[in-house]
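This report refers to the structure that appears directly beneath it.
The values are calculated or read from the model by the stated rules, or taken from the named source; none is laboratory data. Bear in mind that the values here come from a model prediction, so they are computed numbers and not experimental data. Every residue, glycine as well, gets a Cβ built from its backbone with ideal geometry; the counts of neighbours run over all protein chains shown.
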Amino acid sequence: MAKQLPCFLARSHGRDYSGFLPFLTSGGFMPIVKLSSKGQLIIPASLRAAHHWQEGAEFLVEEVPEGLLLRPRKPFSTTRVSDGLGCVGYTGPPKTIDEMDQGIAELIRHDWLEQQKTK
């Protein structure tokens with residue numbers, strides 16, 4: 001469990017800096033951030049720089065037993081439709097929509113007949 005710094009370190013010149021001071025943990029200092037009225041958290045510049053996070057970086061938010069975990073969203077590399085279609089294995093001439101519909105209907109009919117045999 002983190003221990004907060006003593007009160008006299010958090011107050012200086014009549015101002016309360018407790019929200020900006022880090023917690024002291026067994027692993028060292030842990031920065032504290034405050035939630036704004038708009039639900040925003042500001043990640044300290046030193047952490048943003050260390051992780052190479054720029055303005056507009058997107059994060060996945062995961063709920064874990066200890067609270068929330070932020071994971072940087074890794075964007076997919078740019079691809080073309082033809083890149084994805086190459087993995088389906090069909091090398092014949094292009095099919096029409098009607099031909100594809102007919103093939104799907106035949107597969108459904110075949111699967112239904114197979115299920116009827118097992119009943």
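Computed quantities for the displayed model
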| quantity | calculated |
| --- | --- |
| Filter result for LEU70 (touching a Phe, Trp or Tyr at 6+ places or on another chain (Cβ under 8 Å), free of Cβ contacts under 8 Å to residues at least 24 places away in the same chain and outside any loop (DSSP other than H, G, I, E, B)) | yes |
| Some residue of segment 52-63 being of a type in the set (A, V, I, L, M), loosely packed, with under 10 Cβ neighbours inside 10 Å and at pLDDT 90 or above | yes |
| Pairs, first β-branched (Val, Ile, Thr) in segment 19-44, second at pLDDT below 70, C-beta under 7 Å, six or more apart | THR25/ALA2; ILE32/GLY19; ILE32/PHE20; ILE32/LEU21; ILE32/PRO22; ILE32/PHE23 |
| LEU24, sole failed condition from (1) more than 15 Å from the chain's Cα centre (by Cα); (2) modelled with pLDDT of 90 or more; (3) part of a strand (DSSP E or B); (4) not basic (Lys, Arg) | (2) |
| Residue satisfying condition, being at pLDDT 80 or above and out of contact with any Asp or Glu (no Cβ under 8 Å at 6 or more places or on another chain), within set VAL33, VAL81 | VAL33 |
| Residue within segment 90-106 that is loosely packed, with under 10 Cβ neighbours inside 10 Å and at positive phi present | no |
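Residues are listed down the side, and each one gets a yes or a no for (1) part of a loop (DSSP other than H, G, I, E, B); (2) among the charged types (D, E, K, R):
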{"position": "LYS38", "(1), (2)": "yes, yes"}
{"position": "LEU60", "(1), (2)": "no, no"}
{"position": "LYS74", "(1), (2)": "yes, yes"}
{"position": "SER77", "(1), (2)": "yes, no"}
{"position": "GLY89", "(1), (2)": "yes, no"}
{"position": "GLU99", "(1), (2)": "no, yes"}
{"position": "GLY103", "(1), (2)": "no, no"}
